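Report on the structure given below.
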Amino acid sequence: MNVLIRLAKRTAPYKGRLLLAYLSIIGVTVFGLMIPKIIGTAIDAVITSGSAKGLWLLAGGIILANLFRGLMAYGQTYFGESLGQQVAYDLRNEFYTHLQTLNFDFHDKHQTGNLMSRATSDIEGIRMFVQGGMIRSFFCISLILGVMILIVLLDWKLSLYCLVFVPFIIWRGSIFILAQRKKWFLVQVAMGHMTTILQENLSGQKVVKAFGAEEFEEKRFLNRTGEVAEHAYEAAALQANNAGMMTFFYMASTALILWVGGTEVVDGNMTAGELAQFILYLGMLAMPVRIAAWVTNSFSRGLSAGTRIFEILDSDPSIFNHDNADSTTKIKGEIKFENVSFYHESGKDILHNIDFRIKPGETLGIIGPPGSGKTSIINLIPRFYEPTNGYVTIDNISVDKFELINLRKNIGLIHQDVFLFTDSIRENIAYGNPNISIEEIEKVAKIAQIHEFVMSLPLKYDTVVGERGSTLSGGQRQRISIARALLIDPPILIIDDATSSVDTITEKYIQAQLENISQDKTTIIIAHRISSVQNADNIIVLNNGLIEQRGNHTELIQQEGIYKDLYNLQIAENQADQPLIQNNVSLKEDTNHA
Ligand SMILES: Nc1ncnc2c1ncn2[C@@H]1O[C@H](COP(=O)(O)OP(=O)(O)O)[C@@H](O)[C@H]1O
Ligand SMILES: [Mg+2]
């Protein structure tokens, strides 16, 4: 219930509209209730006077009352609908904005498809609640109350007969709301699973096709759509069942009134006009009875949708700006890890007692087998995660003392998994900085060795890349992401295995350029090729989350260990490339095929 109150409070900023909707509803009810009264009066007038004189006045009255009723009904729909849309609009934006504040640990737990289904179908459920639960239900109640008052005034004894069924209706209604709420929750959860499969299938099309897994995926999807259909079907069956029951009670009470009331008219205790009026009033209840199931349904759906939306809105970001976070200090770039350990929430331990220091402008190379924790180390610097133990400092200030935006703007991060947006190459490089000039973009593109390739495209920098950059090769994407990171000219540059999908020759060129621009930057290079780190001031060798070796290249190749083994292995590979590099082969060809 709490959830529904919270949802209702969402209309608070639009009190005016809500009030107008309620006033319109009262108008609809009042004008609507006038009509049976006029008809009843007309019948009695004709019966007693035996002439149709003056009936035109009553007919005119009916038309007028209907006209106003229609006008008010328009207001009710207009204000109610716009209120629902407005609440949905606000909530959708708030949901999106809140998602931006949540961290990687949140996204580790919530699948994209599931969040998307909350942002769409659950918000729609809330819109329906405002429209149905808050507006329509008020209409039902005001109409039922109006009719009750009038029929009691008309003939209280006869009204008592109508009440016979009320306990049944209340009993059925409450069972229905509870059962339906559970059903809707199941529908929404199943919908989330289904959207997740759909989303993953679409973004993983290449894997699906490569493994010939279309049929497997179809079955997986079918299972989930089957679940959605099953629960939605059960919810619909429940609703139909309920609507049927309600209509049955209603019709039964009408039959009872006709029988008892008819006897009263024959006995002379009631006029024919009054009985007609009575039955017409009851007839007005047909609509609320019919939509009662829909209205209660909107309560149930609002309850389950609200629960799912508030679950996200209420989840606090685990990483946030602390009080007095530093938003101004110009970062020089000394990075220190002091006895840092890191565990994932799942309990898996990733890093143990990591200690190192990089002086401003120096370069640290990190080498280690896949899964050794290289990416985990650098994730701690921009506070994507927080260390379980120990300290990460920049310029001797703990990273959590900086304002997040300030911290992250000072770190140029080139990720291992490149993400490009469905936008032009220019926008992808300029990402987040719309006012950057094309000259600046070209400058960083040249450093990243992607300029020539871009110029070979028909629309050059305005060429739009496919979803996630699907129209480019892995190497091209990586180079665009390098250009993107260089553009913000950060004092700290972190390169996470970014040159892994470019060939050794291009890597050499990128590296030479990077060395140039990273002269005055603190740089961390994660690589799996020794050649990428051998010029670093310091290198750490990571294995199973532990620093196994450290030193510079010359020192490390003299020690027995992973580094030396890797070095010997790669010398053999590199020998094949050497002559090519010496011949200074043109990059042009490569840029097209990388
Ligand atoms: N979000 C996560 N949740 C749980 N475990 C993770 C997560 N990300 C990485 N890991 C685990 O942490 C370990 C180190 O991963 P990572 O730092 O990405 O290694 P590397 O970059 O050296 O290949 C791996 O065993 C990996 O399975
Ligand atoms: Mg990694």
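The values are calculated or read from the model by the stated rules, or taken from the named source; none is laboratory data. All values reported here derive from a predicted model rather than from experimental measurement. Here Cβ is always computed from backbone atoms with ideal geometry, including for glycine, and neighbour counts include all displayed protein chains. For the accessible areas, the whole protein counts, side chains as well, though only heavy atoms, and no ligand, DNA or RNA atoms are used. Shrake-Rupley method; radii C 1.70, N 1.55, O 1.52, S 1.80 Å.
Listing for the model above:
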item: Distance between region 538-571 and region 94-128 - C-alpha centres, whole angstrom; result: 44 Å
item: Solvent-accessible surface (1.4 angstrom probe) belonging to I517, in square angstrom, nearest 10; result: 40 Å²
item: Square roots of five times the Cα gyration tensor eigenvalues for region 1-69, Å; result: 42, 12, 5
item: 222 nm mean residue ellipticity, helices alone, for the chain (DSSP H n ≥ 4; -39,500 (n - 2.57); rounded to 500); result: -20500 deg cm²/dmol
item: Three-way shape call for region 60-194 based on the alpha-carbon gyration tensor, with the a/c threshold at 1.5; result: oblate
item: ³J(HN,Hα) computed for each position of region 114-125 - Karplus, 6.51 cos²θ - 1.76 cosθ + 1.60, integer Hz, glycine/proline x; result: 4, 5, 5, 5, 5, 5, 9, 6, 6, 5, 4, x
item: Cα gyration tensor, region 126-183 - rounded (a/c under 1.5), prolate or oblate; result: oblate
item: Stokes-Einstein D (µm²/s) once Rh is taken as the Kirkwood radius of region 416-539 over alpha-carbon pairs, at 25 °C in 0.890 mPa s; result: 168 µm²/s
item: Set of lysines near K183 by C-alpha distance (under 27 Å), chain-local residues within fewer than 8 positions excluded; result: K9, K109, K219
item: Shape category assigned to the chain from the gyration tensor of Cα positions, a/c cut at 1.5; result: prolate
item: Nearest-10 value in Å² for the accessible area of S121, using the 1.4 Å probe; result: 20 Å²
item: DSSP-loop trypsin sites (Lys or Arg not before Pro) across region 39-93, with at most 15 other Cβ within 10 angstrom; result: K53
item: Burial order of peptide ranges 478-490, 403-415, 95-107 (average beta-carbon count within 10 Å, highest first); result: 478-490, 403-415, 95-107
item: Residues with amide H under 5 Å from that of I539, placed H, sequence gap 5 or more; result: G365, G551, N552
item: Spherically averaged projected area in nm², based on the convex hull that wraps the Cα atoms of region 387-462; result: 7.3 nm²
item: Heavy-atom accessible area ranking, 1.4 Å probe, most first, across R308, R172, R220; result: R220, R172, R308
item: Long-range HN-HN contacts of L493 with modeled amide H, under 5 Å; result: G412, T522, T523, I524
item: Approximate shape of region 2-313 as ellipsoid semi-axes (Cα gyration tensor, √5λ), whole Å, largest first; result: 50, 22, 16
